[in-house]
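Asks: Quick one: the structure is below, questions incoming.
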Amino acid sequence: MNVQEQLRNYIVSEFMYEQAADSLTADTDLLNQGIVDSMGILDLVSYMEENFGIQVSDEEITPENFRTLNTLTEFVNRKNGAPKVA
């Protein structure tokens, strides 16, 4: 599984509960749709640090990095030094 698939599976299992999993696309706004709240972001940070071996500073916990699956994936890849996906 790639980074985005792992993140998607985690978000679906931990945050979506009754919502249809197929409604979560790479561009779904996790924050404005109410899928992930402020406590959820902290859970996501812990998950990413444990599963992807990255360290997330307080300054990096911004909507720009946590808004969608795409932005989360780019953030993890950037932290791991991977090139940006087109």
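Asks: For the stretch 1-41, which positions are under 15 Å from Asn70 (Cα atoms) and acidic (Asp, Glu)?
Replies: Scanning the stretch 1-41 gives Glu5, Asp27, Asp29.
Asks: Are any residues in the stretch 1-18 under 22 Å from Asn80 (Cβ atoms) and among the aromatic types (Phe, Trp, Tyr), and if so, which ones?
Replies: Tyr10
Asks: Tell me, which helices (runs of 4 or more DSSP H) lie completely within the chain with 2 or more residues that are surrounded by fewer than 17 Cβ atoms within 10 Å (Cβ to Cβ) and touching a residue at least 12 places away in the same chain (Cβ under 8 Å)?
Replies: The qualifying helices (runs of 4 or more DSSP H) are 3-11, 38-52.
Every read-out reported here was derived from the displayed coordinates using simple, explicitly stated rules and does not represent laboratory data. This one's a predicted model, so the numbers in the text were calculated from it and none came from an experiment. Here Cβ is always computed from backbone atoms with ideal geometry, including for glycine, and neighbour counts include all displayed protein chains.
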